[in-house]
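Heads up: the structure comes next, in structure tokens.
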Amino acid sequence: TERLILDCDPGHDDALAMILAAGDPRVELLAVTTCAGNQTIEKVTRNALAVCAVAGIDVPVAQGAALPLVREQTVAADIHGDSGLDGPVLPETTRALDPRHAVDLIVEEVMAAEPGSITLVPTGPLTNIALAMRKEPRIVERVKRVVLMGGGYSRGNVTPTAEFNIYVDPEAAEAVFAADWPVTMVGLDLTHQATADADVVERIRAIGSPLSQFVVDVLTFFGSTYRERQGFDAPPVHDLCCVAALCDPAVLATRPAFVTVELAGRWTAGTTVTDFGDLLGRPHNTDVATTLDRTRLWDMTVEAIERLSRT
Ligand code: BDR
Ligand code: CA
């Protein structure tokens, strides 16, 4: 089984990533850490605890970075609402947070575990991961790999070429791509294939549990903002794809390349520069996700919701 720490900013698609990570027996969710992104750190942490409550997820939740390393904060209220998880009714949560800062949790868990046994799955800005690398550089050789949602090679969603998670904290992202650990980039080219179309929503609704209703409410709100703001017929559930790739590598195809992040461009700051043609002559540092097996993705997600609904 793949043991993972999910570093997220819930977030509608982050919530789905949490649910799959907890509900698929092929992976073991060790902890959830939060990072400001879709909303402020207080809001996304509250949302993480609420998702744990609804889904019966019983792992440590630690709060992380409140602001990007260098830049002004940007949130995504236009897509995720004022709470960061608008749509479903969120339960009051009484559960205590892990007393550690997210960065300390990541460092301690990675350093305490067998080398090469923990995968980091960041589905928000990369601030916590970059800070953890700075605090304890030896995590880089001890982590198995980093499977992140962010970037893209043919498109952006904040600017024409920059994706939100990279755009919000490009300095952090640059450090994560540059470090000497295996990175898989699950970017927009892949995640825009992961739409929750009406047939998917109906399959989830048919499960008929409080959790499945929660997921339907999440996808309904996410669908409405994606329709209005981005002109999509159905919402792309980006972050879910990273966890799915750990559950079953066959869910996505990848292609190796050198990837780095533009920090200085006049129009292009936060762009993941992806050198498929080896024009820069640099060693490949990233497996870039290209093609999704959509059937596999939604089959495993429906099964995970069913499994969590029974327990
Ligand atoms: C990414 O940005 C966030 O809004 C989503 O949760 C996802 O992680 C997509 O660009
Ligand atoms: Ca996210």
In Hz, Karplus ³J(HN,Hα) per residue of the range 205-220 (6.51, -1.76, 1.60; θ = phi - 60°; x = Gly, Pro): 4, 5, 4, x, 10, x, 5, 5, 5, 4, 5, 4, 5, 4, 6, 5
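Ranked highest first by the average count of other Cβ atoms within 10 Å around their residues, in what order do 156-162, 186-192, 277-283 fall? Intermediate values should be presented prior to the final figure.
Details: 156-162: 18.9, 186-192: 24.4, 277-283: 9.1.
Ranking, from highest mean packing down: 186-192, 156-162, 277-283.
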Amide H contacts of ALA31 (H built 1.01 Å from N, under 5 Å, at least 5 apart or other chain): LEU6
Label point distance in nm, ALA77-ALA206, each placed 7 Å from Cα along Cα→Cβ: 4.0 nm
Relative contact order %, the range 126-201, counting alpha carbon pairs below 8 Å whose residues are six or more apart: 38 percent
For the chain, size of Cβ-based charge dipole, Lys and Arg +1, Asp and Glu -1, in debye: 180 debye
The range 275-306 versus the range 178-242: alpha-carbon centroid distance in Å: 15 Å
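Sort 119-132, 260-273, 51-64, 14-27 by the packing proxy (mean of other Cβ within 10 Å over each peptide's residues), most packed first. List each step's numbers first, then the result.
Details: 119-132: 28.1, 260-273: 17.1, 51-64: 20.6, 14-27: 24.7.
Highest-to-lowest ranking by the protection proxy: 119-132, 14-27, 51-64, 260-273.
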Gained length - ARG307 relative to ARG294, 0.36 nm times residue gap less alpha-carbon distance: 2.7 nm
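If you count the DSSP beta bridges with both ends in the chain, what percent of them are antiparallel, to the nearest 5? Intermediate values should be presented prior to the final figure.
Working: 12 of 37 bridges.
In the chain, DSSP labels about 30 percent of beta bridges as antiparallel.
Bear in mind that the values in this text are calculations on the coordinates, not laboratory data. No experiment lies behind these values; they were computed from the predicted model shown. Note that each Cβ is placed from the backbone with ideal geometry, even for glycine, and that neighbours are counted across all protein chains shown.
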